[in-house]
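These notes are about the structure you will find just below.
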Amino acid sequence: RLSEIYHPDKHVDEQKKAAAAAQFTRVKAAYEVLSDAERRRVYDEFGLEGVAAMDARGMEVTRYEDIRAQFEGRGGEAGAGAGGG
């Protein structure tokens, strides 16, 4: 497992520990996205920007459809538009 290889506590040398910490953070973030079906679905379609938007809005209230609407320029909550003219 990459998390075991890059865990900062596995390294004594400070330079290697810092590099391992950076890699460990990246591995952890990737695992958090790929292990969650909804976040992976957003990542597959919108990349890291979509996941960041999902995180910014709070996962409990963010639905895939809301993320899609945001990227397609329809604003936020599906069905709760600002009106049109």
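The values are calculated or read from the model by the stated rules, or taken from the named source; none is laboratory data. Since this is a predicted model, take the numbers as computed values, not measurements. Don't worry about glycine lacking a Cβ; one is built from the backbone with ideal geometry, like all the others, and counts go over all protein chains shown. The accessibility values were calculated without ligands, DNA or RNA, using every heavy atom of the protein model including side chains. Shrake-Rupley method; radii C 1.70, N 1.55, O 1.52, S 1.80 Å.
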Conditions (1) closer than 30 Å to Asp66 by Cβ; (2) aliphatic (A, V, I, L, M); (3) touching a residue at least 12 places away in the same chain (Cβ under 8 Å): number failed by Ala21: (1)
Residue within the stretch 69-83 that is open to solvent by 80 Å² or more (accessible area, probe 1.4 Å), modelled with pLDDT under 80 and on the phi > 0 side of the Ramachandran plot present: yes
Filter result (among the charged types (D, E, K, R) and under 9 Å from the mean Cα position of the chain (by Cα)) within the stretch 24-55: Glu32, Arg39, Arg40, Glu49, Asp55
Residues that are part of a loop (DSSP other than H, G, I, E, B), open to solvent by less than 70 Å² (accessible area, probe 1.4 Å) and either modelled with pLDDT under 85 or touching a strand residue (DSSP E or B) at 6+ places or on another chain (Cβ under 8 Å) (or both), drawn from the stretch 7-45: His7, His11
